[in-house]
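Report on one structure; see the data block that follows.
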Amino acid sequence: MIGSLGNISVRKKRKTKPLVLGRAGERIYQVQIPIPFPLKTVNVYVIEDEPLTLVDTGVNSENGLKKLGTFLRSIDHDITEIKRIILTHGHLDHFGLASRISALSSAEIIIHSADKQKVKEGLYPLKQCKEVLLRNGIPLPIIEKIIEYWESNRSLWEPLHHCTLVNEDTMILFRNFTLKIIHCPGHSPGSICLFHEKEKILFSGDHIIEGIIPNPVLEIDENRYSLRSNSFIQYLNSLKKLNYLPISLILPGHGSMITDLKTIYDSYYNHFKIRQAQILSFLNEGQLTAYEISWKLFSNLSVMDTFLGVSMILGHLDFLEVQELVGFQEKGGKFFYHLKNKRPVRFNITGSTA
Ligand SMILES: [Zn+2]
């Protein structure tokens with residue numbers, strides 16, 4: 001956009017500095033969009049290059065749309081100029097506004113194929129989800145409140161019906177550089193990281209965040225006896241995958257950018273070890289459901305935190321089961337976990353950088 005002074009055109013001097021000025025001339029900006037959740041903001045990235053691209057969007061809200069529009073104007077662009085939206089995963093704080101932005105700009109929307117259904121339907125398959133939560137000991141009135149809470153968030157996202165689907169190693173082309181898709185399931189089945197090989201920058205979505213341990217959110221998988229996928233095992237494998245990349249800067253979906261991946265990994269693995277030791281010590285007293293363990297760990301959970309807490313505990317129980325430290329039995333339609341053998345626990349976390 002060019003400012004005009006009589007018949008002399010002058011380019012406005014920008015006040016907004018990019019987070020990254022790439023060698024190919026691309027500029028990457030971070031915009032923090034407010035969200036009505038404890039994390040308070042989500043990071044949306046504007047990649048100013050050809051085509052003008054967003055990474056994630058925030059929730060569907062007037063406030064978010066306004067904030068993004070104001071930011072784009074500060075770099076001499078407009079929402080209608082966005083040509084492409086890449087979604088790191090199908091959680092509503094990341095994709096909720098994509099449909100409206102695309103309606104204003106005709107932007108192409110890109111998401112991993114494993115989260116295609118999520119952005120179309122938003123809510124979990126409720127019947128199966130109810131079944132899994134009941135099996136893991138959550139009382140029915142609390143499950144009903146969890147479902148009510150999900151439904152109350154319905155205005156925060158618009159369904160996406162026409163997305164371009166990508167998979168592992170798909171290259172997203174810009175004028176003079178590419179972003180490589182790295183499939184990192186765990187936090188959600190279709191979580192992706194985007195790797196800018198030339199600048200060694202990783203857009204990590206919610207796969208890696210500083211100071212927060214990403215939740216391996218419970219996902220339905222009707223092909224498994226447990227009726228759910230082993231999200232935490234997948235998450236650990238996805239962490240290992242990034243170990244081999246020469247990353248110098250991480251641009252996460254929430255919070256500050258990260259330059260020291262090893263410190264983050266060490267903090268994650270230490271946290272996992274502590275959680276698993278706590279879970280094992282509770283099971284040492286007798287068999288428990290995942291919900292009962294969540295009460296022992298956090299005595300006063302909100303409705304949504306009950307779901308996330310049980311998701312996290314089930315993830316660790318899956319890991320401990322693979323390590324042959326715990327087993328479970330079905331009694332009266334509920335899964336009760338027990339210590340498999342009472343030998344001293346020796347932690348050997350797969351993929352630890354330690
Ligand atoms: Zn997420």
Residues being over 18 Å from K118 (Cα atoms) and among the charged types (D, E, K, R) - total across the range 208-257: 4
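So in the range 141-158, with the set limited to residues that are in contact with a helix residue (DSSP H, G or I) (Cβ under 7 Å, 6 or more places away or on another chain) and not in a loop (DSSP other than H, G, I, E, B), which one is farthest from L123 (Cα to Cα)?
Of the range 141-158, the ones in contact with a helix residue (DSSP H, G or I) (Cβ under 7 Å, 6 or more places away or on another chain) are 142-143, 145-147, 149, 153, 156-158.
Applying the additional criterion that residues be not in a loop (DSSP other than H, G, I, E, B) yields 142-143, 145-147, 149, 156.
On the way: I142: 17, I143: 14, K145: 14, I146: 11, I147: 9, Y149: 11, L156: 12 Å.
Filtering the range 141-158 for residues that are in contact with a helix residue (DSSP H, G or I) (Cβ under 7 Å, 6 or more places away or on another chain) and not in a loop (DSSP other than H, G, I, E, B), the one farthest from L123 (Cα to Cα) comes out as I142.
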Among the candidates I220, I213, I147, I192, residue that is within 16 Å of the ligand (Cβ to nearest atom) and surrounded by fewer than 20 Cβ atoms within 10 Å (Cβ to Cβ): I213
Meets criteria (modelled with pLDDT under 95 and farther than 30 Å from H196 by Cα) for K342: yes
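Filter the range 195-210 for residues that are in contact with a Ser or Thr (Cβ under 6 Å, 6 or more places away or on another chain) and assigned to a loop (DSSP other than H, G, I, E, B); which is nearest to the ligand (Cβ to nearest atom)?
To start, the set of residues in the range 195-210 that are in contact with a Ser or Thr (Cβ under 6 Å, 6 or more places away or on another chain) comprises 200, 205, 207, 210.
Imposing the further condition that a residue be assigned to a loop (DSSP other than H, G, I, E, B) reduces the set to 200, 207, 210.
Values: K200: 24, H207: 9, E210: 15 Å.
It comes out as H207.
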Extreme residue, surrounded by the most Cβ atoms within 10 Å (Cβ to Cβ), among residues of the range 85-118 that are away from the ligand (no atom under 16 Å from the Cβ), not in a helix (DSSP H, G or I) and not hydrophobic (A, V, I, L, M, F, W, C): E108
Listing of helices (runs of 4 or more DSSP H) fully contained in the range 216-303 that carry 3 or more residues being assigned by TED's automatic domain parsing to the domain that holds S191 and under 26 Å from Y149 (Cβ atoms): 231-242
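Suppose we filter the range 9-60 for residues that are on the phi > 0 side of the Ramachandran plot and either at pLDDT 95 or above or surrounded by 13 or more Cβ atoms within 10 Å (Cβ to Cβ) (or both); how many remain?
Here is the first cut: in the range 9-60, the ones on the phi > 0 side of the Ramachandran plot are 25, 40, 56, 58.
Still in the running and either at pLDDT 95 or above or surrounded by 13 or more Cβ atoms within 10 Å (Cβ to Cβ) (or both): 25, 56, 58.
The total comes to 3.
The values are calculated or read from the model by the stated rules, or taken from the named source; none is laboratory data. This is a predicted model, so every value here is computed, not measured. Note: ideal-geometry Cβ built from the backbone for every residue, glycine included; neighbour counts use all protein chains shown.
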